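A.B. asks: The structure is given below, and queries will be raised subsequently.
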Amino acid sequence: MTDLVLETRGITKSFGALKASDSIDFDLRPGEIHAIIGPNGAGKSTLIKQISGELRPDAGQVFLAGTDVTQQTTRARARAGLGRTFQISELAMEDTVLQNAVLGALGASGSVWRFLKPVLSDAELVTRAEEALDRVGLLDARNQRTAELSHGQRRQLEVAVALTLRPKVFVMDEPMAGLGAEGSLTMTRFLDGLRSEAPILLVEHDMDAVFALADRISVLVYGRLIATGTVDEIRSNAEVREAYLGEDA
Amino acid sequence: MIQERYLNALVLFGLIAVPLYAMATEELFTITLATRAVILALAAVGLNLALGLGGLVSFGHATFFGIGGYTMGVLAYHAQTYTALDLGLFTIEGTKSMPIIWLVAIILSSLVAVVIGMLSLRTSGVYFIMITLAFGQMFFFFTISWAAYGGEDGLSIYVRNGFPGLNTLVPIQFYGICFVILCAVLFLNARLAKSPFGLALNAARQTPMRTQTVGLDPTRLKLVAFVISGAITGLAGALFADLNRFVSPTMFSWQFSGEIMLFIILGGVGRLFGPVIGAVIFVTLEHFLGEITDFWHIYLGVILVIIVLFARGGIVGLLSGRGGGHD
Ligand SMILES: Nc1ncnc2c1ncn2[C@@H]1O[C@H](COP(=O)(O)OP(=O)(O)OP(=O)(O)O)[C@@H](O)[C@H]1O
Ligand SMILES: [Mg+2]
């Protein structure tokens with residue numbers, strides 16, 4: 001059990017009368033992509049926020065590599081190796097693409113308490129940032145202002161910033177959202193390779209991507225995980241078909 | 001359209017040429033005006049660091065300006081009356097040395113900024129504005145009742161404090177001191193904006209959540225920015241007191257906090273030279289329009305409304321053709 005990279009036990013969170021997380025047990029093993037699917041408003045992002053530390057659960061625990069991090073800040077969890085991407089891009093829009101990536105590298109490896117030396121003259125940080133940009137295909141856009149990027153490029157930058165952290169576990173909230181068919185395919189191929197570096201918790205609506213990538217799938221409906229299994233098990237699960245896949249299968 | 005660099009160079013050139021010309025033609029009052037503009041610019045440069053880079057709308061920066069002013073007032077008062085300053089545990093001598101006064105002003109402003117910052121940064125938005133305002137008012141009313149140092153009437157210092165090797169009573173020499181300090185702080189500010197700290201602070205303003213998820217603490221970054229910002233405005237307060245050879249509770253007034261914020265909006269929020277241009281325009285208008293009418297603030301108000309409505313990047317943004325955004 002202790003070699004689980006990420007685990008939640010009985011995570012529960014209510015917003016007023018709404019139970020957004022209802023005693024959720026979830027785990028992520030080394031080397032796997034574990035997808036979470038579920039209809040809009042099922043509580044996927046809410047679960048991720050509790051894993052990353054942005055929200056405190058009402059009950060239950062979060063473990064990172066066997067350590068209980070439930071009481072730890074977002075910052076501490078990031079430093080412990082959690083690399084998260086946001087459903088709605090959280091980027092410094094006025095800054096350049098490179099500056100956004102350097103921010104990640106700075107948080108992961110540099111000292112922020114340096115006041116006089118230009119950060120872009122720190123070769124180590126810039127190299128690390130550019131490597132990450134290169135991997136998602138954004139290196140050519142490095143001097144562009146983030147506000148000028150297309151929606152798809154912002155999604156790529158989200159992933160690149162997480163890469164600069166060189167995390168032990170990725171937690172990705174709909175990285176393909178709004179990417180288009182070709183963009184999704186590129187991202188799918190990229191994530192496929194990424195799982196050998198660190199396992200991925202993947203929240204995604206794009207079923208082609210999920211079925212192509214996931215080692216396991218969990219289905220979240222109204223805050224409850226109603227099923228967890230392999231692609232084939234989930235595809236053939238009657239309850240899942242009814243609750244979720246039934247809509248488009 | 002002028003590139004921002006050339007615009008900045010032009011401003012610096014003006015700040016050198018005008019006082020020198022005034023010296024040649026013996027228009028001493030112009031030099032005093034220029035000194036006033038430069039010191040107020042310094043106070044606003046301090047605020048711009050918190051406001052422009054950190055996104056902290058502090059409506060209480062008069063606190064630091066006043067602390068700088070009273071540091072000068074109290075130290076020089078004890079020196080000119082040959083009395084010791086009793087600090088409870090021990091006593092110290094007053095001083096008429098500018099460098100020492102500046103150092104004490106910077107240290108005291110920083111310490112107060114740590115306290116105010118730690119309390120205010122628990123809030124944001126309107127609450128942050130209100131709480132910083134409240135601290136300023138606290139000091140304002142405290143100094144009004146601080147009878148030992150003149151209370152409401154303030155405190156006069158008869159002879160300007162000294163700087164080794166210079167005669168600070170000569171207007172152009174005192175101007176030179178203030179101008180060099182402004183340039184030095186602008187230089188450090190430009191470096192800071194591009195430093196690792198500057199990058200992180202920029203991100204903490206724009207996207208605190210992202211900043212946390214890369215392992216950085218946005219609140220701590222903002223606190224440090226607030227402290228540096230307060231220290232600079234405090235230094236400006238010490239210089240301002242020396243310019244007037246007088247300190248009074250009005251240095252702590254909320255109107256002053258508003259005035260330096262106005263310089264920044266006028267010149268351009270987050271622009272290196274925004275506060276400088278704003279302060280120069282303000283002092284110029286105050287002088288020329290103030291001679292014509294007592295209601296010159298109305299014209300200033302009109303200009304401000306136009307800037308806010310049509311030129312969000314302030315005058316720097318308007319002239320350099322880059323409306324929004326930061327350096
Ligand atoms: N801070 C909040 N306060 C109140 N309700 C909230 C809050 N955050 C989320 N909710 C509600 O909780 C439910 C789950 O939201 P969540 O964003 O986790 O869904 P999701 O599965 O990520 O949906 P989507 O697929 O649309 O992203 C929704 O009904 C949402 O309105
Ligand atoms: Mg969501």
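The values are calculated or read from the model by the stated rules, or taken from the named source; none is laboratory data. Computed from a predicted model, the values in this text were never measured in an experiment. Glycine gets a Cβ as well: all are built from the backbone with ideal geometry, and neighbour counts include every protein chain shown. All accessible areas refer to the heavy atoms of the entire protein, side chains included, with ligands and DNA or RNA removed. Shrake-Rupley method; radii C 1.70, N 1.55, O 1.52, S 1.80 Å.
A.B. asks: With the condition kept exactly as written, say whether any residue in segment A:1-16 is away from ligand 2 (no atom under 16 Å from the Cβ), under 24 Å from A:Gln156 (Cα atoms) and open to solvent by 20 Å² or more (accessible area, probe 1.4 Å).
C.D. replies: Within segment A:1-16, none of the residues are away from ligand 2 (no atom under 16 Å from the Cβ), under 24 Å from A:Gln156 (Cα atoms) and open to solvent by 20 Å² or more (accessible area, probe 1.4 Å).
A.B. asks: Something else about it: How about segment A:1-17: which of its residues are within 13 Å of ligand 1 (Cβ to nearest atom) and at pLDDT below 95?
C.D. replies: The answer is A:Gly16, A:Ala17.
A.B. asks: Would you mention how many residues in segment A:32-49 are more than 14 Å from chain B (Cβ to nearest Cβ) and either within 15 Å of ligand 1 (Cβ to nearest atom) or modelled with pLDDT under 95 (or both)? Can you show your working first?
C.D. replies: Start the filter on segment A:32-49 by keeping residues that are more than 14 Å from chain B (Cβ to nearest Cβ), which leaves A:32-44, A:46-47.
In the following step, the residues that additionally are either within 15 Å of ligand 1 (Cβ to nearest atom) or modelled with pLDDT under 95 (or both) were identified as A:35-44, A:46-47.
Within segment A:32-49, residues that are more than 14 Å from chain B (Cβ to nearest Cβ) and either within 15 Å of ligand 1 (Cβ to nearest atom) or modelled with pLDDT under 95 (or both) number 12.
A.B. asks: Name the residues in segment A:173-226 that are more than 16 Å from ligand 1 (Cβ to nearest atom) and part of a strand (DSSP E or B), would you?
C.D. replies: Correct list: A:Ile200, A:Arg216.
A.B. asks: Same structure again: Pick from segment A:71-99 the residues that are part of a helix (DSSP H, G or I) and more than 17 Å from the chain's Cα centre (by Cα): which of them is nearest to the other protein chains (Cβ to nearest Cβ)?
C.D. replies: Selected residue: A:Gln99.
A.B. asks: I would also like to ask the following. Among all residue pairs at least 6 apart or on different chains, which show Cβ distances below 6 Å where the first residue, located in segment A:16-45, is in contact (Cβ under 8 Å) with a residue 24 or more places away in the chain and the second is among the β-branched types (Val, Ile, Thr) and within 11 Å of ligand 1 (Cβ to nearest atom)?
C.D. replies: Close Cβ pairs (under 6 Å, with a partner that is among the β-branched types (Val, Ile, Thr) and within 11 Å of ligand 1 (Cβ to nearest atom)) amount to A:Ala20/A:Thr46; A:Ser21/A:Thr46; A:Ile36/A:Val203; A:Gly38/A:Val221; A:Ala42/A:Val221; A:Lys44/A:Ile36; A:Lys44/A:Val203.
A.B. asks: Note down all Cβ pairs under 7 Å where the first residue falls in segment A:107-134 and is within 12 Å of another protein chain (Cβ to nearest Cβ), the second is open to solvent by 20 Å² or more (accessible area, probe 1.4 Å) and of a type in the set (D, E, K, R), and they're at least six residues apart or on different chains.
C.D. replies: A:Ala108/A:Arg166; A:Ser109/A:Arg128; A:Gly110/A:Asp122; A:Leu116/B:Arg191; A:Pro118/B:Lys194; A:Val119/B:Lys194
A.B. asks: Of the residues A:Val171, A:Val136, A:Val119, only one is open to solvent by less than 10 Å² (accessible area, probe 1.4 Å), under 17 Å from the mean Cα position of the chain (by Cα) and of a type in the set (A, V, I, L, M); which?
C.D. replies: Exactly one of A:Val171, A:Val136, A:Val119 is open to solvent by less than 10 Å² (accessible area, probe 1.4 Å), under 17 Å from the mean Cα position of the chain (by Cα) and of a type in the set (A, V, I, L, M), namely A:Val171.
A.B. asks: From the residues in segment A:178-193 that are modelled with pLDDT under 90 and in contact with a helix residue (DSSP H, G or I) (Cβ under 7 Å, 6 or more places away or on another chain), which one is nearest to ligand 2 (Cβ to nearest atom)?
C.D. replies: A:Gly178
A.B. asks: Among the residues of segment B:227-240, is any farther than 30 Å from B:Phe29 by Cβ, more than 14 Å from every other protein chain (Cβ to nearest Cβ) and at pLDDT 95 or above?
C.D. replies: Yes, segment B:227-240 contains a residue that is farther than 30 Å from B:Phe29 by Cβ, more than 14 Å from every other protein chain (Cβ to nearest Cβ) and at pLDDT 95 or above.
A.B. asks: Tell me, please, whether a residue that is of a type in the set (S, T, N, Q), touching a residue at least 12 places away in the same chain (Cβ under 8 Å) and not assigned by TED's automatic domain parsing to the domain that holds A:Met207 can be found in segment A:59-72.
C.D. replies: Narrowing segment A:59-72 to residues of a type in the set (S, T, N, Q): A:61, A:67, A:70-72.
Restricting the remaining residues to those that are touching a residue at least 12 places away in the same chain (Cβ under 8 Å) gives A:61, A:67, A:70, A:72.
Now restrict to residues that are not assigned by TED's automatic domain parsing to the domain that holds A:Met207: none.
Within segment A:59-72, not a single residue is of a type in the set (S, T, N, Q), touching a residue at least 12 places away in the same chain (Cβ under 8 Å) and not assigned by TED's automatic domain parsing to the domain that holds A:Met207.
A.B. asks: Among the residues of segment B:267-303, what is the count of those that are at pLDDT 85 or above, open to solvent by less than 30 Å² (accessible area, probe 1.4 Å) and assigned to a helix (DSSP H, G or I)?
C.D. replies: Counting residues in segment B:267-303 that are at pLDDT 85 or above, open to solvent by less than 30 Å² (accessible area, probe 1.4 Å) and assigned to a helix (DSSP H, G or I) gives 9.
A.B. asks: Could you tell me whether any residue of segment B:187-197 is out of contact with any Gly (no Cβ under 8 Å at 6 or more places or on another chain), closer than 20 Å to B:Met118 by Cα and either facing chain A (nearest Cβ under 8 Å) or not charged (D, E, K, R) (or both)?
C.D. replies: Yes; the residues of segment B:187-197 include at least one that is out of contact with any Gly (no Cβ under 8 Å at 6 or more places or on another chain), closer than 20 Å to B:Met118 by Cα and either facing chain A (nearest Cβ under 8 Å) or not charged (D, E, K, R) (or both).
A.B. asks: Please state which of the following conditions A:Ser196 fails to meet, knowing it meets all the rest: (1) small (Gly, Ala, Ser); (2) within 25 Å of A:Asp3 (Cα to Cα); (3) touching a helix residue (DSSP H, G or I) at 6+ places or on another chain (Cβ under 7 Å); (4) surrounded by fewer than 20 Cβ atoms within 10 Å (Cβ to Cβ).
C.D. replies: Condition (3) is where A:Ser196 drops out.
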